[in-house]
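Visitor: Just dropping this structure here.
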């Protein structure tokens with residue numbers, strides 16, 4: 001594995017900053033620079049920058065681009081107009097999820113799909129296998145870098161580097177403009193942290209210029225580089241699903257709480273199956289929970305009922321830095337999925353009581 005691990009264009013920069021590097025989704029990525037706690041609070045209260053250049057970017061083009069996207073994704077992409085973004089998923093033809101993704105409408109016949117790093121090859125092969133529409137596909141994953149500038153002060157920092165007015169860019173919208181002298185930067189508002197901010201897509205050979213400009217401009221705001229450790233606690237506080245943990249090829253979007261991106265106004269892969277599932281009722285649901293007793297619920301810990309019988313599994317869990325409680329996501333039987341219900345987490349042989357709560361955990 002070590003001889004094939006990939007590096008982002010900023011790899012040397014992360015090393016020079018003393019980041020702890022770890023293998024993640026086939027890339028050598030910074031997990032932290034200082035501490036997860038410090039980095040988490042930096043994003044919640046100030047501004048931090050994530051290098052998420054490991055993400056994949058596919059272009060789908062031509063007169064039948066929308067037909068392909070409508071077929072392979074669960075959401076209704078016909079609602080998109082240029083400058084708008086949609087969260088969606090790729091059903092796998094067997095009731096599960098190939099991946100979750102973002103669909104960017106660049107133009108009437110041009111779309112960018114942003115997919116998870118660990119699934120780039122799998123997603124590409126899947127979409128290609130479904131492309132009976134003759135849409136043109138191009139994989140730009142190796143050429144594009146992506147910086148997520150997140151936190152309540154992110155806009156203030158980026159605005160110093162661009163003439164593009166950032167205020168009008170609403171959540172799940174984007175524009176193109178010059179940032180730090182770099183032309184045609186995609187400036188997107190689709191943050192994964194719940195702290196506000198923007199994502200900046202640039203060519204690999206321009207990303208170090210952008211990185212340096214952001215850190216120079218952000219000195220008064222106390223800007224810091226942020227690793228994947230804090231990214232995970234930030235997204236979990238918002239109750240956002242992480243592919244490979246909370247959703248995968250064995251989970252369907254309805255039970256994962258993604259019914260809102262599953263639109264039966266069109267035909268798509270698995271639409272008939274999912275429609276029947278919705279009509280007949282689900283057997284389990286992904287819920288948020290908070291531990292009532294002291295302890296930490298980690299991924300893969302069993303969820304049990306009062307009698308000690310296993311009824312589910314924790315998919316993600318941590319101590320929330322913002323609210324100071326042990327939180328997690330887990331699949332549980334539907335009859336236990338309502339907020340206020342009590343479940344028990346098996347933490348290394350100890351049954352700890354937890355309460356099902358509504359999401360997000362962190363409310364700003």
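The values are calculated or read from the model by the stated rules, or taken from the named source; none is laboratory data. Keep in mind it's a predicted model, so treat the numbers as computed, not measured. Using ideal geometry, Cβ is built from the backbone for each residue, glycine included, and neighbour counts are taken over all protein chains shown.
Visitor: Of all residues in the range 93-105, how many are within 16 Å of residue 129 (Cβ to Cβ) and not in a strand (DSSP E or B)?
Guide: 3
Visitor: Only strands (runs of 3 or more DSSP E) wholly contained in the range 163-239 count here; list those with 3 or more residues that are in contact (Cβ under 8 Å) with a residue 12 or more places away in the chain and within 25 Å of residue 23 (Cα to Cα).
Guide: Values: elements: 174-179, 182-188, 197-203.
In the range 163-239, 197-203 are the strands (runs of 3 or more DSSP E) which contain 3 or more residues that are in contact (Cβ under 8 Å) with a residue 12 or more places away in the chain and within 25 Å of residue 23 (Cα to Cα).
Visitor: With respect to residue 84, is the statement that it is assigned by TED's automatic domain parsing to the domain that holds residue 199, within 22 Å of residue 200 (Cβ to Cβ) and surrounded by fewer than 18 Cβ atoms within 10 Å (Cβ to Cβ) true? Give the steps one after another, and end with the answer.
Guide: Working: assigned by TED's automatic domain parsing to the domain that holds residue 199: no; within 22 Å of residue 200 (Cβ to Cβ): yes; surrounded by fewer than 18 Cβ atoms within 10 Å (Cβ to Cβ): yes.
In short, no.
Visitor: Residues being in contact (Cβ under 8 Å) with a residue 40 or more places away in the chain and within 23 Å of the chain's Cα centre (by Cα): count how many of those fall in the range 299-316.
Guide: Looking only at the range 299-316, we keep the residues that are in contact (Cβ under 8 Å) with a residue 40 or more places away in the chain, and these are 299, 301-304, 308, 315-316.
Next cut, within 23 Å of the chain's Cα centre (by Cα) only: 299, 301, 315-316.
The total comes to 4.
Visitor: Continuing with the same structure: Considering only residues that are part of a strand (DSSP E or B) and under 18 Å from residue 72 (Cα atoms), which ones fall in the range 107-154?
Guide: Here is the first cut: in the range 107-154, the residues part of a strand (DSSP E or B) are 107, 110-115, 136-139, 144-150.
Within the range 107-154, 110, 111, 112, 113, 114, 115, 136, 137, 138, 139 meet the criteria.
Visitor: Counting only residues that are outside any strand (DSSP E or B), modelled with pLDDT of 95 or more and farther than 30 Å from residue 38 by Cβ, how many does the range 312-352 have?
Guide: Residues flagged as outside any strand (DSSP E or B), modelled with pLDDT of 95 or more and farther than 30 Å from residue 38 by Cβ within the range 312-352 amount to 8.
Visitor: Residue 52 is checked against (1) surrounded by fewer than 21 Cβ atoms within 10 Å (Cβ to Cβ); (2) in contact with a helix residue (DSSP H, G or I) (Cβ under 6 Å, 6 or more places away or on another chain); (3) under 18 Å from residue 200 (Cα atoms) and fails just one. What number does that condition carry?
Guide: (2)
Visitor: Could you please let me know if residue 254 is free of Cβ contacts under 8 Å to residues at least 40 places away in the same chain, buried (at least 17 other Cβ atoms within 10 Å of the Cβ) and either touching a strand residue (DSSP E or B) at 6+ places or on another chain (Cβ under 7 Å) or part of a loop (DSSP other than H, G, I, E, B) (or both)?
Guide: yes
For (1) touching a strand residue (DSSP E or B) at 6+ places or on another chain (Cβ under 8 Å); (2) assigned by TED's automatic domain parsing to the domain that holds residue 207, each residue gets a yes or a no:
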| residue | (1), (2) |
| --- | --- |
| 115 | yes, no |
| 118 | yes, no |
| 123 | yes, no |
| 135 | yes, no |
| 138 | yes, no |
| 147 | yes, yes |
| 153 | no, yes |
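Visitor: Within the range 276-296, identify whether any single residue is outside the structural domain of residue 91 (by TED's automatic domain parsing), part of a strand (DSSP E or B) and under 16 Å from residue 346 (Cβ atoms), and answer yes or no.
Guide: There is at least one residue in the range 276-296 that is outside the structural domain of residue 91 (by TED's automatic domain parsing), part of a strand (DSSP E or B) and under 16 Å from residue 346 (Cβ atoms).
Visitor: In the list 242, 291, which residue meets the criterion of being in contact (Cβ under 8 Å) with a residue 24 or more places away in the chain and surrounded by fewer than 20 Cβ atoms within 10 Å (Cβ to Cβ)?
Guide: Result of the check over 242, 291: 242.
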